[in-house]
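Colleague: Have a look at this one.
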There are 2 protein chains.
Amino acid sequence: MSKPVRVGICGLGTVGSGTFNVLTRNAESIAARAQGAVEISMVGARRDNPDCELGSTRLSRDIFDVVRDPEVDIVVELIGGTTVAKDLMTEALQNGKHVVTANKALIAEFGNELFALAEQNNVVIRYEAAVAGGIPIIKALREGLAGNRIEWLAGIINGTGNFILSEMREKGRDFADVLAEAQALGYAEADPTFDVEGIDAAHKLVILASLAFGMPLQFSSVFAEGITKLTPQDVEYAEELGYRIKHLGVAKQNGEGVELRVHPTLIPEARLLANVNGVKNAVLVEGDAVGPTLYYGAGAGAEPTASAVVADIVDLARELSAGQQCRVPALGYVTSELKDLPIVPMARVTTAWYLRMEAEDKPGVLSEIASIFSEQGISIEALIQKAPAEGETRVPLIMLTNKAIQGNVDTAVAAIESLESISGEVTRIRVEALDG
Amino acid sequence: MSKPVRVGICGLGTVGSGTFNVLTRNAESIAARAQGAVEISMVGARRDNPDCELGSTRLSRDIFDVVRDPEVDIVVELIGGTTVAKDLMTEALQNGKHVVTANKALIAEFGNELFALAEQNNVVIRYEAAVAGGIPIIKALREGLAGNRIEWLAGIINGTGNFILSEMREKGRDFADVLAEAQALGYAEADPTFDVEGIDAAHKLVILASLAFGMPLQFSSVFAEGITKLTPQDVEYAEELGYRIKHLGVAKQNGEGVELRVHPTLIPEARLLANVNGVKNAVLVEGDAVGPTLYYGAGAGAEPTASAVVADIVDLARELSAGQQCRVPALGYVTSELKDLPIVPMARVTTAWYLRMEAEDKPGVLSEIASIFSEQGISIEALIQKAPAEGETRVPLIMLTNKAIQGNVDTAVAAIESLESISGEVTRIRVEALDG
């Protein structure tokens with residue numbers, strides 16, 4: 001065995017303590033796998049964490065001590081956020097430390113410059129834990145599917161959102177009600193915006209897309225629509241049509257460029273993704289050679305996330321223990337070969353749609369609507385018209401369209417909303433068959 | 001960019017031509033990922049394959065020319081079998097070539113000695129394509145989950161078997177009928193023994209188990225039971241009880257050692273594994289840190305398997321293009337740290353059971369059976385007793401037991417079969433909840 005590889009952990013919150021505990025508990029098998037011991041040389045944390053017994057490990061209340069410590073080979077950044085974390089990672093790289101992080105926001109928003117800085121300093125940044133927790137999806141895209149041209153991927157990459165949607169479907173509950181429970185259970189933050197508005201999923205999607213298609217990170221280009229407006233009715237109608245509603249991140253390469261979008265999506269109920277419930281994550285990837293592959297597991301939590309952090313450490317340690325360089329580029333492609341592919345504007349994106357509207361229960365309405373669709377070249381795949389409730393003169397009308405360009409759907413929906421026989425707005429949710 | 005890495009392909013059958021085509025078609029992105037060009041330097045094949053246009057690539061009718069060629073850095077062994085393939089790989093290693101293979105039988109049966117020979121010659125053997133086709137499950141176990149103590153894994157790792165079981169369930173067809181169709185479709189070999197008797201799955205399982213638990217390959221210790229005796233009735237009764245029957249490979253670590261078993265298994269219908277249909281494969285892995293993760297995709301076919309072969313080549317090329325050594329051990333653990341864990345005899349294995357028997361339709365039978373179970377400490381979880389068919393005096397009796405040691409179940413079943421009121425043998429299928 002060779003000299004030990006020394007790790008410095010910055011941040012002792014949920015993931016920090018999980019990482020400390022996994023590295024300690026499984027030290028023997030980790031050494032056997034890494035071809036040398038992996039030692040926790042130092043921890044930097046503003047306060048202790050009762051979930052984790054530091055023993056004789058060196059501790060500093062100033063996390064910057066970790067990145068400045070001459071003994072530390074690998075800095076593990078687990079403080080989160082994009083301000084102090086960015087300074088910390090920058091200094092670590094400048095000091096010639098390799099960095100392992102779980103920080104999706106930092107990688108998604110500042111990854112391009114940080115990866116460049118790492119290269120200048122002859123070190124690497126690893127971030128398996130930044131997407132889908134313990135699922136080794138970064139490694140799958142960067143290495144396991146390296147022979148493929150990736151055509152598209154679609155993932156349930158926000159556990160909180162999936163928990164809420166699963167509860168809404170299974171128990172017919174409404175969004176606000178389940179969100180309150182998720183907050184009480186600790187699945188959702190006090191400020192749930194990042195989760196329910198799709199920002200967290202957008203961070204993860206942009207990382208997956210760059211790995212899949214070999215392009216620099218383009219966080220500002222992601223379209224993100226949250227789940228706050230979904231109603232139990234839509235969940236139920238979707239089910240009646242043979243679909244489940246999931247909050248998906250979708251990245252797709254087509255002739256025009258790359259689609260990068262996060263939104264609620266109807267998926268046929270027989271698909272594995274439609275059956276991923278609760279806080280679990282899953283990513284479906286379509287490669288030109290391999291076809292569809294799917295990766296499923298815990299998307300968050302102390303030890304699942306630590307599992308990914310430690311895997312990155314083992315990867316690094318395998319090389320470092322022999323004095324070698326890590327030869328897998330940060331985004332899977334050599335930096336000079338990354339291509340800044342154009343992002344397809346949403347108005348040009350083609351999907352099928354679920355549409356729900358309130359219509360007057362009288363002859364001719366359906367024909368008006370049908371003619372508007374027809375003008376835009378949109379065809380109807382399925383339709384549900386319910387009998388009016390006692391004393392009501394309006395009925396809900398639910399439609400599934402075939403695939404259509406969003407711009408045409410926008411035009412059609414505006415025309416439908418202006419009809420006298422239609423009240424209020426048309427509810428719109430995208431549909432993905434996920435069949436290649 | 002550095003000097004090209006040169007690949008020699010031995011065998012130009014389905015996977016060989018798939019590998020040639022994927023390497024050729026995606027050469028540009030592969031070079032961008034591998035930090036240098038990957039060239040097909042030579043092909044060895046007894047005959048041409050019309051699916052693949054060799055162009056100016058050097059071709060020899062003697063595959064041994066490939067392993068002797070001074071220009072070849074990586075030998076890709078795709079001839080299959082364990083005789084010539086073993087000689088070929090041996091000579092390749094002795095000549096200082098790295099080897100990539102899709103040959104599950106060769107790795108499962110002779111991996112220990114071949115890995116040792118590779119180490120002696122300072123080269124590596126990679127075999128992602130040997131298990132579950134294009135799914136990067138070897139990489140997940142060897143690297144992506146390297147921080148975990150793996151507790152168990154369970155996989156649908158034979159596509160032919162899964163196709164047959166899926167058809168039996170969806171269409172109520174019987175085994176022989178579907179097998180004949182699978183042969184006509186090319187999913188099953190003319191001699192289907194390897195697939196339907198579980199030998200192919202046993203080859204793959206032993207590889208997964210060694211990677212999961214850090215032990216040498218122990219092919220001769222795998223218990224393998226095939227699917228030839230499954231009836232449409234059992235498939236239907238299982239469904240009535242809320243289960244699906246899948247042919248699983250299961251490897252589990254417990255206090256006594258390691259369970260290595262391949263057999264038909266009832267799985268609760270809500271599990272993702274229960275919903276993996278057709279020729280697809282999937283592996284569920286439970287790690288102490290990450291919890292359950294699942295990997296799904298095509299388990300066979302020209303390009304899905306080629307996807308795995310090429311991923312191995314890219315891994316190697318990333319190191320070789322910089323003159324570095326490959327630092328990931330063949331079974332994930334340094335050889336000296338592999339532990340020859342004891343294999344748990346089947347009589348000591350604990351699972352729940354599905355039992356079906358033909359009983360006289362008269363009072364007292366159930367009580368006799370119940371008392372036999374009770375003597376062996378086995379409790380009944382669910383029971384179906386059907387009314388006798390017109391003119392019949394016997395009825396089918398179907399039971400689900402709680403978890404029990406197989407030895408006790410053996411004793412109970414022998415006692416039940418000796419009852420006068422029971423005719424014929426008791427049909428027995430194991431049940432796995434797959435819930436941790």
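Colleague: Tell me, what is the percent relative contact order of chain A, built from C-alpha pairs under 8 Å that lie six or more residues apart?
Modeller: Dividing the mean separation by the residue count of chain A yields 17 percent.
Colleague: Expressed as an acute angle from 0 to 90° and rounded to the nearest 10, what is the orientation of the C-alpha long axis of helix A:175-185 relative to the principal long axis of chain A?
Modeller: With both axes taken from Cα atoms, the answer is about 20 degrees.
Colleague: For residue B:104, which lysines qualify as cross-link partners when the Cα separation must be under 22 Å and same-chain residues fewer than eight apart are set aside?
Modeller: Within the straight-line limit of under 22 Å, residue B:104 reaches these lysines: B:86, B:139, B:204, B:246, B:252, B:280, B:339.
Colleague: Also: Can you give me the angle between helix A:365-375 and the longest principal axis of chain A, using Cα atoms only, in degrees from 0 to 90, rounded to the nearest 10?
Modeller: 60
Colleague: So what's the back-of-envelope 222 nm ellipticity for the protein assembly as shown, counting only DSSP H runs of four-plus at -39500 (n - 2.57) apiece and dividing by all residues, rounded to 500?
Modeller: Rounded to the nearest 500, it is -10500 deg cm²/dmol.
Colleague: Moving on to the next point. Assuming R0 = 41 Å, what is the FRET efficiency of residue A:231 and residue A:91, from their Cβ-Cβ distance, to the nearest 0.05?
Modeller: It comes to 0.25.
Colleague: Could you compute how much accessible area chains B and A hide from each other, both sides summed, with a 1.4 Å probe? Nearest 100 Å² is fine.
Modeller: 5100
Colleague: Right, next: In nm to one decimal, list the spacings between the residue B:339 label point and its equivalents in the other copies, with label points set 7 Å along Cα to Cβ, shortest first.
Modeller: Sorted ascending, the copy-to-copy spacings read 4.9 nm.
Colleague: Net charge within 10 Å of residue B:46 by Cβ-Cβ distance, Lys/Arg positive one each and Asp/Glu negative one each, not counting residue B:46 itself?
Modeller: Here the count lands on 0.
Colleague: While we're here: Under the Kirkwood approximation applied to all pairs of distinct alpha-carbon atoms, what is the hydrodynamic radius of the protein assembly as shown in Å?
Modeller: 28.9
Colleague: Measure off, as a whole percent, the carbon and sulfur share of the 1.4 Å-probe accessible area of chain B, all protein chains present.
Modeller: The computed percentage sits at 47.
Colleague: Taking Cα pairs under 8 Å and at least six residues apart, what relative contact order does region A:347-431 come out at, in percent?
Modeller: 49
Colleague: Now a separate question. Using only the alpha-carbon atoms, how far is helix A:14-25 inclined from the longest principal axis of chain A? Give it as 0 to 90 degrees, nearest 10.
Modeller: 50
Colleague: Determine the shielding of peptide B:135-142 by partner chains: average, over its residues, the number of Cβ atoms on other chains within 10 angstrom of each Cβ.
Modeller: 5
Colleague: Give the accessible surface of the protein assembly as shown per residue, rounded to a whole number of Å², with probe radius 1.4 Å and ligands, DNA and RNA excluded.
Modeller: Result: 36 Å² per residue.
Colleague: Under the definition of Cα pairs under 8 Å and six or more residues apart, what whole-number percent is the relative contact order of region B:66-131?
Modeller: Contact order relative to length: 34 percent.
Colleague: Mind listing the label-point distances from residue A:381 to the same position on all other copies, shortest first, one decimal in nm, points 7 Å along Cα→Cβ?
Modeller: Values, ascending and in nm: 3.8.
Colleague: Right, something else. Taking region A:279-332 on its own, what percent of its Cα-Cα pair distances exceed 13 Å?
Modeller: Value for region A:279-332 (Cα pairs over 13 Å): 73 percent.
Colleague: I'd like the antiparallel share, as a percent to the nearest 5, of DSSP beta bridges with both residues in region A:144-298.
Modeller: Restricted to region A:144-298, the bridges split so that about 95 percent are antiparallel.
Colleague: Find every distance from the label point of residue A:180 to the corresponding label point in the other copies (7 Å from Cα along Cα→Cβ) and write them in nm, one decimal, shortest first.
Modeller: Computed spacing set for this position: 6.3 nm.
Colleague: Output the antiparallel fraction of DSSP beta bridges having both residues in chain A, as a percent to the nearest 5.
Modeller: Taking every DSSP beta bridge with both residues in chain A, the antiparallel ones total about 70 percent.
Colleague: Stretched out fully, how many nm does the piece from residue B:53 to residue B:325 gain, at 0.36 nm a residue minus the Cα gap?
Modeller: 94.6 nm
The values are calculated or read from the model by the stated rules, or taken from the named source; none is laboratory data. For clarity, every value in this text was computed on a predicted model and none was experimentally measured. As a convention, Cβ positions derive from the backbone with ideal geometry for all residues, glycine included, and neighbour counts pool all protein chains shown. Keep in mind that these areas ignore ligands, DNA and RNA; they rest on the heavy atoms of the full protein, side chains included. Shrake-Rupley method; radii C 1.70, N 1.55, O 1.52, S 1.80 Å.
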